[in-house]
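Visitor: Below: one structure in structure tokens.
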Amino acid sequence: MKGVQRALWQWLDQRLHLEPLAEALWQNLRKVVPPHVNWLFTLGATLAALLAAQVGTGVLLMAYYKPSAAQAHHSIEHLSYEVPLGWFIRSLHAWGSHLIVGLALLHLIHVYVYGGYKKPRELTWVSGVLLLALLLGFGLSGYLLPWDQVAYWATVVVTQSADSVPLAGPWLRRFLIGADEVSDPTLGRFFVVHVILLPLGLLGLMGLHLLLVRWLGISPLGRADEPAPDSEALRQRGGHPFVPYHLLKDLAAVWVGLGVLCTLALLWPSPVGEPADPLVTPLGIKPDWYFLPPYQLLKYVPEAVGVLIPPLFFLLLLLLPFLDRSPERHPRGRSRAMAAGVLVAACLLLLGVLGHLSETTRTILGITYHFDILGWPSHAGGKAAP
Amino acid sequence: MSADPSPQPVSRRLVNALLGLGALGALGGMAGAVLAYLWPQPGQAAGSDLLTGTAGPLNPQAVGEGQGVVGRSKVGKVLVVRQGGEWIGLSATCSHLGCTVSWNPASKQVECPCHGARYGLRGEVLRGPARQALGRVELKVDAQGIHVAAAGG
């Protein structure tokens, strides 16, 4: 077997001169990672594996899905109830989207805390934030595809928000949905964006991101204005080569991630909702959990302000390495940055929780509360309804 | 003091500028064509003046006194309420974020299930977050069904 491998390699090398490339790749993979690198540094690899799984399940779903308002919901029913393991593939795809956004946010927080966005890794950060925007785009465009009531009306609310963008609002909304209201042309557009445009963008940005991560290596904890320690210095401080030590950690985390995904899909399969009816809006329409903060924000501030805050927030995230010029990377030396991060995370969490609770009635410690549209509770009785 | 040995009838800079302009023009043309291709066609939401529901034209006999129903027509979604022997038509699209409103016979108000906006029978806002009133729609009822006569303010 080894002889065949060697012969094949020689055949390729004689034609393509791959030896120098393979040598450079091997040297890169043998780079020593800093000693502070722990299990939290496996989030990126787990995310990449889940994205690969998402592409696989997405391709399988496309074999049965029909992107038209008349057929989309029926094709989802057929897929979920009649196609062998169709329900499982669909649930893997749905749960995968939640896990990916969740892990991407954790990955972002982790890089922020460790100051990994500082010189010379500014472009790695920028490509990562753009990837997060793409992932949210996947969530938004994919949410509509089942063409059920929740999907339809959540998309109506989200796309209607674009109406409030100053000057070009109605123009932008009409272009986004391809008609005067969310309908067949909208589904066609969202489908193409979900299965062609965003995956192409993802492929390019992921390639760039991974290339930058491997090229620059994992960020050390030292100051950005000090020369980066070489492999020998890192080895003396207790670091290990990426291959095989950190790669094994990455692979273990990948299997755990895929295991969690399968478990969630098996235990809580995605339900098939009622088909979309543009004439009847059901109660309790809410977007996916990661869109709850901007959804709730729109209730407190005028729409024209509310629709501008999320893009501005993203712009700030994108420009973070150029705004925070302090060379300090260690979180202990960045108390202001840590405080700002905690404040932003707390605001997002609070808005998300208020959005989740709003317009519901819940019993907490034996007391029933009604949470109004703004998420404020009012006493609604001593006992829960049976 | 050395002269350029090869004469250049057209300078390299001019060629580059022409190539750049050509590329920009081609890209602009393509972008315009793509925009025109993707731009929503007028009249995609057009319908007749007869209000229809999911199961076909709305039947006026099926709308009892104090009841309301939503149908679709050439002016979009319309909420029809029969109140005190009168047929009242309002735009059924909430002015806040576009959800379809419905008539609540108990509270005698038009309600939006998305964010809780409330409207009166003349379309006026009774409770936010909506800020704009629902547009009035003139109706004509005959044996064929409920017709939209005109959309008012």
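Visitor: Which of the residues spanning the stretch B:94-115 are part of a strand (DSSP E or B), facing another protein chain (nearest Cβ under 8 Å) and more than 13 Å from B:Q67 (Cβ to Cβ)?
Guide: Once the filter is applied, which keeps residues that are part of a strand (DSSP E or B), facing another protein chain (nearest Cβ under 8 Å) and more than 13 Å from B:Q67 (Cβ to Cβ), the stretch B:94-115 yields only B:T100.
Visitor: Quick test of your reading of the structure: A:G44 fulfils all but one of (1) free of Cβ contacts under 8 Å to residues at least 40 places away in the same chain; (2) surrounded by 14 or more Cβ atoms within 10 Å (Cβ to Cβ); (3) within 17 Å of A:G217 (Cα to Cα). Name the failing condition by number.
Guide: The single condition A:G44 does not satisfy is (1).
Visitor: I'd like to check something: does the stretch A:125-147 contain any residue that is surrounded by fewer than 22 Cβ atoms within 10 Å (Cβ to Cβ) and more than 23 Å from A:L51 (Cα to Cα)?
Guide: no
Visitor: Take the stretch B:100-120 and flag every residue that is in contact with a Pro (Cβ under 9 Å, 6 or more places away or on another chain), surrounded by fewer than 24 Cβ atoms within 10 Å (Cβ to Cβ) and not hydroxyl-bearing (S, T, Y).
Guide: Correct list: B:P113, B:H115, B:G116.
Visitor: Then there's this: Any chance the stretch A:66-77 includes a residue that's touching a helix residue (DSSP H, G or I) at 6+ places or on another chain (Cβ under 9 Å), of a type in the set (G, A, S) and not in a loop (DSSP other than H, G, I, E, B)?
Guide: Yes - at least one qualifying residue is present in the stretch A:66-77.
Per-residue answers, yes or no, for (1) farther than 25 Å from A:L40 by Cα; (2) assigned to a helix (DSSP H, G or I); (3) more than 10 Å from chain B (Cβ to nearest Cβ):
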| residue | (1), (2), (3) |
| --- | --- |
| A:Y143 | yes, yes, yes |
| A:A162 | yes, yes, yes |
| A:R189 | yes, yes, no |
| A:L198 | yes, yes, yes |
| A:L202 | no, yes, yes |
| A:M206 | no, yes, yes |
| A:R214 | no, yes, yes |
| A:L234 | no, yes, yes |
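Visitor: Residue check, A:T281 against (1) free of Cβ contacts under 8 Å to residues at least 40 places away in the same chain; (2) at the interface with chain B (Cβ under 10 Å from one of its Cβ atoms); (3) of a type in the set (V, I, T), all met but one. Which one?
Guide: (1)
Visitor: A:A345 - would you say it is in a helix (DSSP H, G or I), free of Cβ contacts under 8 Å to residues at least 24 places away in the same chain and away from chain B (no Cβ under 14 Å)?
Guide: Judged against the criteria, A:A345 is not a match.
Visitor: Now, a different point. Give the number of residues within the stretch A:179-219 that are within 21 Å of A:H110 (Cα to Cα) and touching a Ser or Thr at 6+ places or on another chain (Cβ under 7 Å).
Guide: Of the residues in the stretch A:179-219, 6 are within 21 Å of A:H110 (Cα to Cα) and touching a Ser or Thr at 6+ places or on another chain (Cβ under 7 Å).
Visitor: Further question on the same structure: Which of (1) surrounded by 15 or more Cβ atoms within 10 Å (Cβ to Cβ); (2) within 30 Å of B:C99 (Cβ to Cβ) does A:V301 not meet, given it meets every other one?
Guide: All conditions pass for A:V301, except number (1).
Visitor: Scan the stretch A:164-187 and give yes if some residue there is within 13 Å of chain B (Cβ to nearest Cβ), surrounded by fewer than 21 Cβ atoms within 10 Å (Cβ to Cβ), in contact (Cβ under 8 Å) with a residue 24 or more places away in the chain and under 30 Å from A:G56 (Cβ atoms), otherwise no.
Guide: Yes, the stretch A:164-187 contains a residue that is within 13 Å of chain B (Cβ to nearest Cβ), surrounded by fewer than 21 Cβ atoms within 10 Å (Cβ to Cβ), in contact (Cβ under 8 Å) with a residue 24 or more places away in the chain and under 30 Å from A:G56 (Cβ atoms).
Visitor: Let me ask another. Is it the case that some residue within the stretch B:73-93 is more than 29 Å from A:L297 (Cα to Cα), within 12 Å of chain A (Cβ to nearest Cβ), in a loop (DSSP other than H, G, I, E, B) and touching a residue at least 60 places away in the same chain (Cβ under 8 Å)?
Guide: Checked against the condition, which is being more than 29 Å from A:L297 (Cα to Cα), within 12 Å of chain A (Cβ to nearest Cβ), in a loop (DSSP other than H, G, I, E, B) and touching a residue at least 60 places away in the same chain (Cβ under 8 Å), the stretch B:73-93 yields at least one hit.
Visitor: Still on this structure, I have one more. Check the stretch A:299-308 and report whether any residue there is modelled with pLDDT of 90 or more and closer than 30 Å to B:A117 by Cβ.
Guide: No: the stretch A:299-308 contains no residue that is modelled with pLDDT of 90 or more and closer than 30 Å to B:A117 by Cβ.
Visitor: Given the structure, is A:R30 within 30 Å of A:L258 (Cα to Cα), loosely packed, with under 15 Cβ neighbours inside 10 Å and of a type in the set (K, R)?
Guide: yes
Visitor: Yes or no: the stretch A:308-324 includes at least one residue that is within 14 Å of chain B (Cβ to nearest Cβ), in a helix (DSSP H, G or I) and of a type in the set (A, V, I, L, M).
Guide: No, the conditions are met nowhere in the stretch A:308-324.
The values are calculated or read from the model by the stated rules, or taken from the named source; none is laboratory data. Quick caveat: nothing in here was measured; it's all calculated off a predicted structure. Every residue, glycine among them, receives a Cβ derived from its backbone with ideal geometry; neighbour counts consider all protein chains shown.
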